[in-house]
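Let me begin by presenting the structure, written as structure tokens, before commenting on it.
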Amino acid sequence: MDPHLPILLFGSFGALLLLNFPIAAALGISSVLVIAVFDLAPLELIPQQLLSATDSWTLLAVPFFILAGNILAKTAISERLIRLARVVVGQFPAGLAMVAVIVSIFFAGISGSGPADTAALGAILIPGMVAAGYDRRSAAALMAAGGGIGIIIPPSIALVIYGVVANASISKLFIAGILPGILIGLSLFAVSYLLFGKDPNIRSEKRGSLREIGAAFKDAAWGLLAPLIILGGIYGGIFTATEAATVAVVYGVIVGFFIHRDLKLSDLPGILIDTGVTTGVVMLLVCTASVFAWVLNTSGVAAAAAAGLLHLASGKWVGLLLINAVLLVAGCFMDAISIFYILLPILLPVVNALGIDLVHFGIVMTANMAVGQITPPVGVNLFVACGIARISMKEISRAVLPMVAAQAAALLVISFWPDLSLFLTRFMR
């Protein structure tokens with residue numbers, strides 16, 4: 001391997017990011033530059049690599065889950081879930097903060113995207129929390145952290161991409177993400193109570209009567225059923241993750257048009273356009289990142305980096321700790337899809353050599369990405385929450401530190417307790 005190759009590859013990639021190039025463009029340009037300068041392959045092979053990156057049955061799940069999330073978001077399911085959570089736990093100390101976490105967990109089972117969760121729920125809950133006496137910055141930070149649960153609890157677009165790159169079972173990844181996602185939610189429960197539980201400025205909700213709870217539950221039932229149908233079908237071996245995505249779309253159409261009747265035919269063009277744009281962004285990242293990964297593998301950079309990392313790791317747990325450190329730093333600057341394609345060619349040989357289960361590692365890696373979504377300077381959930389709360393990135397960066405600490409603690413448990421992720425997968429059909 002030419003020692004100048006990784007310098008040019010990562011140097012040009014970093015320089016383009018500093019110049020505010022989109023990550024997809026930075027990945028593609030730096031890859032083509034290295035291929036041309038070091039004559040790794042004929043340039044005619046690049047279009048073939050771009051095409052082969054998306055030639056996957058499994059990746060069909062991505063646009064369908066995005067479409068299902070957009071359809072269900074239009075049916076006011078988020079408002080119904082919030083109403084249910086408020087009448088059940090709103091009267092407790094830090095009740096509205098707990099509502100935010102609970103609804104984030106349930107909505108994660110519908111959308112599969114951290115920024116989408118933050119936007120859909122934050123638009124309702126951040127103003128509500130501020131009106132109840134919560135600090136605006138802390139409310140925004142909590143919603144951003146809650147949105148991170150969206151990439152752990154299935155259906156998760158991040159887990160689909162990981163499964164494709166690592167050649168791991170997506171159905172098992174989906175089931176494996178349930179308990180770790182709940183653990184992250186519990187960690188946010190704990191930090192919410194510590195931050196808000198004894199604040200005299202915060203007003204609690206009034207206790208909901210049994211009639212109000214029953215009415216709210218009935219109203220939210222179809223939203224609660226969505227993740228149960230998707231996960232139940234996968235867990236029972238009724239359908240694959242890709243088939244589950246199409247089932248979710250059909251379910252959303254039935255609920256939106258015939259049960260809640262929140263959807264109109266005039267809404268469909270907007271939903272389809274939003275889905276197409278989001279899918280295009282994801283797939284462009286997949287294409288250019290796959291070329292970058294191909295360069296890493298073909299040039300020998302990935303093998304050399306893996307050997308160096310394996311040399312530093314004196315054992316399985318030390319290796320996992322080192323990998324977590326690398327992923328946490330990477331998550332501060334890049335999105336999950338880019339990290340999967342760039343780092344997995346390096347990390348997979350290390351993971352296999354250390355005897356770490358690929359499904360467990362997928363959850364560990366995605367949990368790191370969830371932390372990355374709330375760490376500056378590129379924490380996407382923070383940008384979404386800032387826009388809703390009308391605060392600066394500097395303000396939310398300070399307020400989010402307790403949530404980062406809570407999720408980091410949960411990450412350590414997920415990393416060093418494999419059975420938390422793998423327990424449910426052992427009962428799959």
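The values are calculated or read from the model by the stated rules, or taken from the named source; none is laboratory data. Here the structure is a predicted model, which means the values were calculated and not measured. Cβ sites come from the backbone with ideal geometry, for glycine too, and all protein chains shown count toward neighbours.
Here the condition is being in contact (Cβ under 8 Å) with a residue 12 or more places away in the chain, in contact with a Leu (Cβ under 6 Å, 6 or more places away or on another chain) and of a type outside the set (Lys, Arg); of Ala306, Ala302, it holds for Ala302 alone. Residue pairs whose Cβ atoms lie under 8 Å apart, separated by 6 or more positions or on different chains, with the first residue in the stretch 137-164 and charged (D, E, K, R) and the second assigned to a helix (DSSP H, G or I), are Arg137/Ala389; Arg137/Glu395; Arg137/Ile396; Arg137/Arg398; Arg137/Ala399.
Taking the listed residues Ile77, Ile82, Ile66, Ile71, the one that is surrounded by 23 or more Cβ atoms within 10 Å (Cβ to Cβ) and within 16 Å of the chain's Cα centre (by Cα) is Ile66, with no other qualifying.
Conditions (1) in contact with a helix residue (DSSP H, G or I) (Cβ under 8 Å, 6 or more places away or on another chain); (2) closer than 18 Å to Leu84 by Cα; (3) in a helix (DSSP H, G or I); (4) not assigned by TED's automatic domain parsing to the domain that holds Tyr134, marked per residue:
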position: Ala215; (1), (2), (3), (4): no, yes, yes, no
position: Ala221; (1), (2), (3), (4): no, yes, yes, no
position: Gly256; (1), (2), (3), (4): yes, no, yes, no
position: Asp262; (1), (2), (3), (4): yes, no, no, no
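Taking the stretch 300-359 as the range and being modelled with pLDDT of 90 or more and not in a helix (DSSP H, G or I) as the test, the residues that pass are Gly355, Ile356, Asp357. Counting only helices (runs of 4 or more DSSP H) that sit wholly inside the stretch 99-187, those with at least 1 residues that are among the polar types (S, T, N, Q) are 114-131, 136-147, 170-176.
Of the helices (runs of 4 or more DSSP H) lying entirely inside the stretch 362-429, those carrying at least 2 residues that are touching a His at 6+ places or on another chain (Cβ under 6 Å) and surrounded by 18 or more Cβ atoms within 10 Å (Cβ to Cβ) are 418-422.
Kindly check whether there is at least one residue in the stretch 46-57 that is in contact with a Phe, Trp or Tyr (Cβ under 6 Å, 6 or more places away or on another chain), surrounded by fewer than 22 Cβ atoms within 10 Å (Cβ to Cβ) and not assigned by TED's automatic domain parsing to the domain that holds Ala168. Taking every residue of the stretch 46-57 in turn, at least one turns out to be in contact with a Phe, Trp or Tyr (Cβ under 6 Å, 6 or more places away or on another chain), surrounded by fewer than 22 Cβ atoms within 10 Å (Cβ to Cβ) and not assigned by TED's automatic domain parsing to the domain that holds Ala168. Looking for whichever is under 30 Å from Leu45 (Cβ atoms) and surrounded by 16 or more Cβ atoms within 10 Å (Cβ to Cβ) here; the options are Val255, Val286. Which one fits? Answer to the selection: Val286.
Pairs linking a residue in the stretch 13-29 that is crowded, with 19+ Cβ neighbours inside 10 Å to a residue that is of a type outside the set (Gly, Ala, Ser) and outside any helix (DSSP H, G or I), with Cβ atoms under 7 Å and 6 or more positions apart or on different chains, are Ile23/Met334; Ile23/Asp335.
Condition first: crowded, with 17+ Cβ neighbours inside 10 Å, touching a helix residue (DSSP H, G or I) at 6+ places or on another chain (Cβ under 9 Å), hydroxyl-bearing (Ser, Thr, Tyr) and assigned by TED's automatic domain parsing to the domain that holds Ile184. Can you find one or more residues in the stretch 337-348 that meet it? For the stretch 337-348, residues crowded, with 17+ Cβ neighbours inside 10 Å, touching a helix residue (DSSP H, G or I) at 6+ places or on another chain (Cβ under 9 Å), hydroxyl-bearing (Ser, Thr, Tyr) and assigned by TED's automatic domain parsing to the domain that holds Ile184: present. Pick from the stretch 263-279 the residues that are in contact with a Lys or Arg (Cβ under 8 Å, 6 or more places away or on another chain) and of a type outside the set (Asp, Glu): which of them is modelled with the highest pLDDT? Filtering first and then ranking leaves Ile271. Of all the criteria given as (1) surrounded by fewer than 24 Cβ atoms within 10 Å (Cβ to Cβ); (2) outside the structural domain of Ala220 (by TED's automatic domain parsing); (3) not polar (S, T, N, Q), the one not satisfied by Pro93 is (2). Against the criterion of being surrounded by fewer than 19 Cβ atoms within 10 Å (Cβ to Cβ) and within 21 Å of Val88 (Cα to Cα), Ala226 does not qualify. Determine which single condition Ala123 fails, assuming it passes every other condition in (1) surrounded by 19 or more Cβ atoms within 10 Å (Cβ to Cβ); (2) under 25 Å from Ala68 (Cα atoms). Evaluating Ala123 over (1) surrounded by 19 or more Cβ atoms within 10 Å (Cβ to Cβ); (2) under 25 Å from Ala68 (Cα atoms) leaves (1) as the failure.
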